[in-house]
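Here's the structure we're looking at; comments come further down.
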Amino acid sequence: MACSDKGNRHHRGLRGPPLKRRPRRTAEEVLREESFQEKKRTIHLQRRRVRTKLLKKEIQKELKNVPKQASKNSVLFIDALLFLLFLFSVLTVRYWSYGLGVIAGVLLGMVTIASHNFIHRKNNFRMYYFQFSLQQVREFRISHILSHHLHTNTIDDLEMSLLEPLLEYLPINKTPLKRYGQALVIAPLVWLTFFHAPFVKRYKEALSCKGKNLRITDLSSFLLPLAMYLFGGRSFLDAFWMWNYVLVVGALHFGFVGLHAAHHHPDIFHDGDVPRSTTDYDWGISQLDAVMDRKEISGSHFLVLTNFGDHCLHHMFPTLDHGTLDYLYPVFKKVLNDFDLDLRMVSQWDTITGGFQQLVKVEPNTAPPDLKKYKKK
C-alpha cells in the first residue's frame, strides 16, 4: 500500500500543480463558441455529402402534392405542336411559301426540344417525335442522358466533345482566328447543320457496319416529308426541297436555343476551371456550378418545355416531367438556403452573350463559381 501510495504521489507530482479553475464565460463568448460548433457541424454534414440526399428526400415528399394535370399538359402541348408542324409543313409546299417554311421550321425545333422531356422517361411513342429532326433517340440517350447529365461540362461530356474541333467551349489555348472565327462564322454554320450532320454521319457508318446501327423506328424521320409530298400537291422534288428548308430552319432554332439555354457562360464551370473540391465532391453542387437558369423562361410550362427551361431542377431530377418542376421550387430553394447555396437566375440575354464569351475564352477560372454572384446584383 505504501509503495502504491508513493507511486501515486510521484505520478501526481509529474502532473504538476493543479489547474486553475476556468473563469465563467461571458454571454458573447458562449455565443461565439456555439457559432463555432455550429460551423463544425455544418462542415461535418457537408463532408458526409447529405445535401443531394436531403434534397431528394424532400422532393419525394413534395411530389405527392403536385397535380397530375401538370404532366398531362406536357402531352397536350407537344401533340398540338406536332399537329401544327405537319399542317404548316404541308402548307409550305402547297403555297410554296418560305415564310410558312420558317414557321414550320420553328415548330420543328420546338417539337424536338419538347420531345427531350419524353426521352428521359421510360419508352413511349412521343419520344420518337425527336426523330422528325433526323436525329436518333438511341444516340441521344447515350450522348445526353448517359454522358451529359452525369459529366456535365467536363471532357467526358459528349455534348462538349462532339462539337469539337468546330466549337470549343473549354478554356484552352486558341488562336485569335480560332476564337473569333468560331464565334462569328462557325457557330451559325453548326446550328444550321445540327439536324443534317448526325444523319449523314449515321448513314455513312451504316455502310461500314452493314446497317447494324439502324432501327426500324428510324423510318419515323420520313413521315414528315411523306406527308408534305402526299398533301402538298406538288412534285416529289418540290416536297423534298421544302422539307430540307424546314429542317435547316428547325436546326437553326434547336442549335441556337440548345447551346444558349443553360450551360455556357464564363461564370459557369467548364473542365479546366478550378473545381469546387477534389476531396469532398458533391454531385448536386457540381450541377449548380454547371448550370444557369433564365428568368424569362421559368414560370411558364410551355416555355420551359420548349426551351430547356428549369434546367437546374431538370438536371437534379431528369426523369420528372417538365410540368412538375415549377411546383418543386419552394422546397428546392429551402434546401439551398439551408446549405447557404443559391441557384443562379439570369436573363436570356446573359446566356446568349455568355455563350459567345465562352467560345472566345482561353483563361480558365482560378476560383470555383460564385453561386451567389447574381443574387447580389
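Laboratory data are not the source of any read-out in this text; all were calculated from the coordinates shown. Since the structure is predicted, the reported quantities are computational estimates derived from the model, not experimental observations. Neighbour counts are summed over all protein chains in view; Cβ atoms, including those assigned to glycine, are modelled from backbone coordinates with ideal geometry.
Compute the label zone of Val75 within segment 117-155: residues whose backbone N is under 13 Å from the point 7 Å along Cα-to-Cβ. Of the residues in segment 117-155, 124-127 have backbone N under 13 Å from the label point off Val75.
Is there a pair in Lys68/Lys372; Lys122/Lys212; Lys57/Lys375; Lys64/Lys334; Lys56/Lys295; Lys72/Lys212 whose C-alpha atoms are over 29 Å apart, and which pairs would that be? Could you put the intermediate results ahead of the total?
Values: Lys68/Lys372 34 Å; Lys122/Lys212 23 Å; Lys57/Lys375 26 Å; Lys64/Lys334 18 Å; Lys56/Lys295 24 Å; Lys72/Lys212 36 Å.
Too far apart for the 29 Å limit: Lys68/Lys372; Lys72/Lys212.
Taking 7 Å steps out from each Cα toward its Cβ at Lys372 and Asn123 produces label points 4.9 nm apart.
Based on the mean of other Cβ atoms within 10 Å per residue, sort peptides 189-202, 97-110 so the most packed one is first. Each step should come with its number before you reach the end.
Working: 189-202: 17.4, 97-110: 21.1.
Sorting 189-202, 97-110 by mean packing, highest first, produces 97-110, 189-202.
With each label modelled as a point 7 angstrom along the Cα→C-beta vector, the Lys333-Ser300 pair spans 2.0 nm.
A straight chain from Leu84 to Ala197 at 0.36 nm per residue would run longer than the Cα-Cα distance by 38.1 nm.
Neighbour counts of other Cβ atoms within 10 Å put Cys209, Cys312 in the fewest-to-most order Cys209, Cys312. Residues Asp218, Asp310, ranked from the fewest to the most other C-beta atoms within 10 Å, line up as Asp218, Asp310. Counting 0.36 nm for each residue step from Ser208 to Lys61 and taking away their Cα separation leaves a gain of 47.9 nm. In sequence order, segment 243-257 has phi-based couplings of 4, 5, 5, 4, 4, 5, 5, x, 5, 4, 5, 4, x, 5, 5 Hz under the Karplus curve 6.51 cos²θ - 1.76 cosθ + 1.60, θ = phi - 60°, and Gly or Pro positions carry x. Assuming charge only on the beta carbon of Lys and Arg (+1) and of Asp and Glu (-1), the dipole of segment 72-186 about its Cα centre is about 280 debye to the nearest 20.
Please give the length that would be gained between Trp96 and Ser143 if that part of the chain were fully extended, namely 0.36 nm times their separation in residues minus their C-alpha to C-alpha distance (nm, one decimal). List each step's numbers first, then the result.
Details: separation 47, 0.36 × 47 = 16.92 nm, distance 3.67 nm.
Stretched out fully, the Trp96 to Ser143 stretch lengthens by 13.3 nm.
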